[in-house]
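J.: Sharing a structure below in structure tokens format, with a few things to ask.
The values are calculated or read from the model by the stated rules, or taken from the named source; none is laboratory data. Treat the numbers as computed from the prediction; the structure is a model and nothing was measured. Cβ placement follows ideal geometry from the backbone for every residue including glycine, while neighbour counts extend to all protein chains displayed. Side chains are part of the model used for accessible areas, which takes the heavy atoms of the whole protein and leaves out ligands, DNA and RNA. Shrake-Rupley method; radii C 1.70, N 1.55, O 1.52, S 1.80 Å.
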Amino acid sequence: GYGAYPRRAPRGGALIPWSMGVIKAELAFALGADQSLDPLYNLLSSCRREIERLKTESPELSGVTDQLASSFITADEVIYGGGPGQPIATWFKREARLMFQIATYLMQTKEYLLAIGLVEELCSRYPQDSLVLSCLARMHLQMGNIRAANMVFKRAEQLYAEPEKSVVCLMNKGYLALSVDQYSTAIEHFQAVLDIQPNNIAAANNRAICWLYTTDLSRAISSLEEVLMNDPE
């Protein structure tokens, strides 16, 4: 690490970029080389130690989480930093990104309660972020808890002045309808998303799934082919 070069880097630190450490931990799990989430949890602990160190050095930053409540994850900020004078913001975003990633892997291993606990912590920290709320609601859907999912979806919808024009809200309504076998209603919501974003793959795929469930196989296939032709990349 930089600790070997005290003159050039008096504060120390790692030689390997943060993003490389995350990729290494994620690849090990994704490829089945290591089914333990310990590497990601170790990175999460490192984030929190760095946050506490920055708070100790600058006590005025202790309330910075309130200022971040409306801004969750921006890839450039997570990888390259939050800009001059904003190191603690970068670490908060990295922490949130790791929590979200760990929750995703926990869902894959059916550790649902642990995953929901992590995302609920993110929701309490970022109450104005509709994507975080939507993530929590979709996790409830995956568990089959329709009532809880609907309640969280409504919280996310209240953040929009015109939810009927929001891709996030329309996707949420589509997922909710799909989960209760209301395929025609789900198709309408996914179609509304495609009217706004014609190349939205998630909406196109879920609309096709709904057509499959209604035994309209040819329409499901042709709809996906149309999306691929419009956006071959």
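J.: Which of the residues belonging to region 25-38 are under 19 Å from the mean Cα position of the chain (by Cα) and either open to solvent by 40 Å² or more (accessible area, probe 1.4 Å) or farther than 15 Å from residue 98 by Cα (or both)?
T.: Within region 25-38, 26, 27, 30 meet the criteria.
J.: Now for a separate question. Working only within region 114-139, note down all residues that are assigned to a helix (DSSP H, G or I) and open to solvent by 20 Å² or more (accessible area, probe 1.4 Å).
T.: Just the residues of region 114-139 that are assigned to a helix (DSSP H, G or I), to begin with: 114-125, 130-139.
Correct list: 114, 117, 118, 120, 121, 124, 125, 131, 135, 138.
J.: May I pose another question? Is it true that some residue in region 67-79 is at pLDDT 60 or above and open to solvent by 50 Å² or more (accessible area, probe 1.4 Å)? Walk me through how you get there before you give the answer.
T.: The first filter runs over region 67-79 and keeps only residues at pLDDT 60 or above, leaving none.
No: region 67-79 contains no residue that is at pLDDT 60 or above and open to solvent by 50 Å² or more (accessible area, probe 1.4 Å).
J.: Since residue 144 meets every condition but one in (1) on the phi < 0 side of the Ramachandran plot; (2) open to solvent by less than 80 Å² (accessible area, probe 1.4 Å), which condition does it not meet?
T.: (1)
J.: Filter region 152-205 down to the residues that are closer than 26 Å to residue 225 by Cβ, open to solvent by less than 50 Å² (accessible area, probe 1.4 Å) and not in a helix (DSSP H, G or I) and list them by number.
T.: Across region 152-205, the qualifying residue is only 200.
J.: Tell me which residues, restricted to region 106-148, are aromatic (Phe, Trp, Tyr) and within 24 Å of residue 178 (Cβ to Cβ).
T.: Step one: filter region 106-148 for residues aromatic (Phe, Trp, Tyr), giving 112, 126.
Within region 106-148, just 112 meets the criteria.
J.: Run down 183, 213 and say which single residue is under 26 Å from residue 151 (Cβ atoms), of a type outside the set (A, V, I, L, M, F, W, C), modelled with pLDDT of 95 or more and over 25 Å from the mean Cα position of the chain (by Cα). Even if it seems obvious, please write down each step before you answer.
T.: On the way: 213 fails: modelled with pLDDT of 95 or more.
So the residue among 183, 213 that is under 26 Å from residue 151 (Cβ atoms), of a type outside the set (A, V, I, L, M, F, W, C), modelled with pLDDT of 95 or more and over 25 Å from the mean Cα position of the chain (by Cα) is 183.
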